[in-house]
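The values are calculated or read from the model by the stated rules, or taken from the named source; none is laboratory data. Worth saying up front: this structure is predicted, and the values here are computed from it rather than measured. Cβ placement follows ideal geometry from the backbone for every residue including glycine, while neighbour counts extend to all protein chains displayed. Ligands, DNA and RNA are stripped out before the accessible areas are found, and what is left, the full protein with its side chains, is counted by its heavy atoms. Shrake-Rupley method; radii C 1.70, N 1.55, O 1.52, S 1.80 Å.
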Amino acid sequence: MAPAASGEHRRGASRSLRPRRGVLVLAVLTLLAATATVAGAQLSSEDYYDASCPAALLTIRSAVATAVLIDRRMGASLLRLHFHDCFGCDASVLLDDTASFTGEKGAGPNAGSLRGFDVIDNIKMLLELMCPQTVSCADILAVAARDSVAQLGGPSWTVPLGRRDATTASASLANSDLPGPTSNLNGLLNSFSNKGFTTTDMVALSGAHTVGRAQCRNCRARIYNDTDIDASFAASLRGSCPAQGGDGALEPLDESSPDDFDNTYFGNLVAWRGLLHSDQALFSGGGGGGGATDGLVRAYASSADRWGSDFAAAMVKMASISPLTGTNGEIRVNCRRVN
Ligand code: HEM
C-alpha cells in the first residue's frame, strides 16, 4: 500500500508537475515568439549588408554623389522621395501602377512632382549585379536620402537597415496622409502626430525645405493672397509665377541658398519669406497662424547645430515608420515592380 501509495503519490506528483512543466514550456515558447515578432518588426544596424553586400553603402554614396554633381537639385529630390515613401518606409512610392493597384506616383502630392526614380533605378541595377536580391529598394531610398543631405553640406546620421519592399502601393493613403502646401499649423501638426512625430520633429523636418524647388502652382495662392508675406519677396515671385498659367515654373524653397543644406530656411520664415503657405505656417511672428512654433523656428534660425542634430534624429525616426522586416514583403529585383 505504502509503495503503491507512494507510487500513486509519485504519479500524482508527476501528474501535477506535468501541467506546470507544460505551462512553463508554453510560457517560454510564447516569450520566444513574442521576441521574434518584436525583433522582426525592428530594423538592424547599419552593418546589415556588411556580409551579404559589402560594397552596398559605398555604391549608393558614389551614385548619389555623381547624381548631385550632375544636377544639384537631385539631392533635394532624393530626400523628398524618401519622405514621400516614409509615411510607411517600404519603397511603395517607387511602384508603377498595375492592373491590380493604382500606385502612389499619380497621387496628388507626387504626380508631376516627385523626381529621382532613375537615380534609384541605376543604384538598384548596380546592386543587383553585385549581390542579387539582397539590398531592398526601401533601404536604398533611406541611405540615398542621408547621403544626399550630406552631399549638400548638411548633417549626417547612421541609418538603421533591414527594410524590405512592399508588394503593393496605395494612392489613396498617399493622398490622405501627406500634408499639402496650403496646410495651416494645426493641419501640419496633425499629419505628423498621426505618424508619431512630436512638434519638434515636425519643425525640424520641415527644414528640409532649405533645398529644392516648388512649382508655381503650389505657391501661387500664397504669393497673391497671403498677408504674412514680405512685400518685396511677394513682388519678385509674382514676376516668375504669374497669376494665371506658368503652373510648372520653379521657385527655390530657400531663396538665400537653394542648394545648400543650411539653416537659412528658418531665418527666411522669421523674415516672412517662406515660399509655401505651409512653410510660413511654422512662424506667425504675431501675424496669421498659431504662433506655437515661433520659438522653435527662432531657435533653429540662430543655431544650425541644434537644428542639424534635431533634423538627423527626426530623419532616423521617419525612416523607421512601419518598415517591413523579417519575412514580410520582399527584396524587389526592379524597384518599379513587385517580383
Ligand atoms: C511639413 C509638411 C510638408 C509639406 C506641406 C511639403 C510640401 C512640399 C511641396 C508642395 C513641395 C514642392 C513640390 C512641387 O512643387 O513640385 C515640396 C518640395 C520639397 N519637399 Fe516638402 N513638404 C513638407 C515636408 C517635407 C519634409 C518632411 C521633407 C523631407 C524630410 C520635405 C522635402 C522636400 C524637398 C527636399 C523638396 C524639394 C524637392 C525638389 O526640388 O525636387 N518636405 N514639399
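Share of the stretch 47-177's accessible area from carbon and sulfur, percent, 1.4 Å?
Details: 2790 of 5010 Å².
Within the stretch 47-177, the accessible surface is 56 percent carbon and sulfur.
Each label point is 7 Å from the Cα along the Cα-to-Cβ direction; what then is the distance between the points at S302 and V333, in nm?
In this crude spin-label approximation the distance works out to 5.8 nm.
Where the only charges are on Cβ atoms (+1 Lys, Arg; -1 Asp, Glu), what is the dipole of the chain about its Cα centre, to the nearest 20 debye?
On the way: 29 positive and 33 negative charges, 301 e Å.
Rounded to the nearest 20 debye, it is 1440 debye.
Set the Förster distance to 56 Å, then compute FRET efficiency between T158 and T227 from the Cβ-Cβ distance, nearest 0.05.
Working: r = 43 Å, r/R0 = 0.77.
About 0.85, to the nearest 0.05.
Calculate, for the stretch 185-318, the solvent-accessible area per residue in square angstrom, rolling a 1.4 angstrom probe over the heavy atoms of the protein chains.
Per-residue value: 39 Å².
Using the Cβ atoms and a cut-off under 15 Å, what net charge is assigned to the surroundings of G274, where Lys and Arg are +1 and Asp and Glu are -1? Walk me through the intermediate numbers first.
Working: positive: R213, R220, R222, R273, R298; negative: D226, D228, D230, E251, D254, E255, D279, D294.
It works out to a net charge of -3.
Does anyone have the angle between helix 216-225 and the longest principal axis of the chain? Alpha-carbon axes, 0 to 90°, nearest 10?
60
Return, in residue-number order, each cysteine of the chain whose C-beta is not under 4.7 Å from any other cysteine's C-beta.
If one checks each Cβ against the other cysteines of the chain, C219 turn up with nothing under 4.7 Å.
Per residue, how much accessible surface does the stretch 47-177 expose to a 1.4 Å probe? Answer in Å², no decimals. Could the numbers behind the result be given before it?
On the way: 5010 Å² over 131 residues.
Per residue, the stretch 47-177 has 38 Å² of solvent-accessible surface.
Looking at the calculated P(r) for the stretch 47-177, what percent of the C-alpha pair distances fall above 23 Å? Mind dumping the intermediate values first?
Values: 2505 of 8515 pairs.
Summing the P(r) of the stretch 47-177 above 23 Å gives 29 percent of all pairs.
Mind checking which of G187, G286, G308 has the largest fluctuation in a GNM of the chain, springs on alpha carbons under 10 Å?
Maximum among the listed residues: G286.
What do you get for Rg/Rh of the chain when both radii come from the Cα atoms and Rh is the Kirkwood radius?
Working: Rg = 25.4 Å, Rh = 22.0 Å.
When Rh is taken as the Kirkwood radius, the ratio is 1.15.
What's the extension gain from N184 to S240 if we count 0.36 nm per residue and subtract their Cα-Cα distance?
Numbers: separation 56, 0.36 × 56 = 20.16 nm, distance 2.47 nm.
Between N184 and S240, full extension yields an extra 17.7 nm.
Given a Förster distance of 41 Å, report the FRET efficiency between A51 and T198 from their Cβ-Cβ distance, rounded to the nearest 0.05. Don't jump to the answer; show the numbers that get you there.
Details: r = 36 Å, r/R0 = 0.88.
Efficiency for this residue pair is about 0.70.
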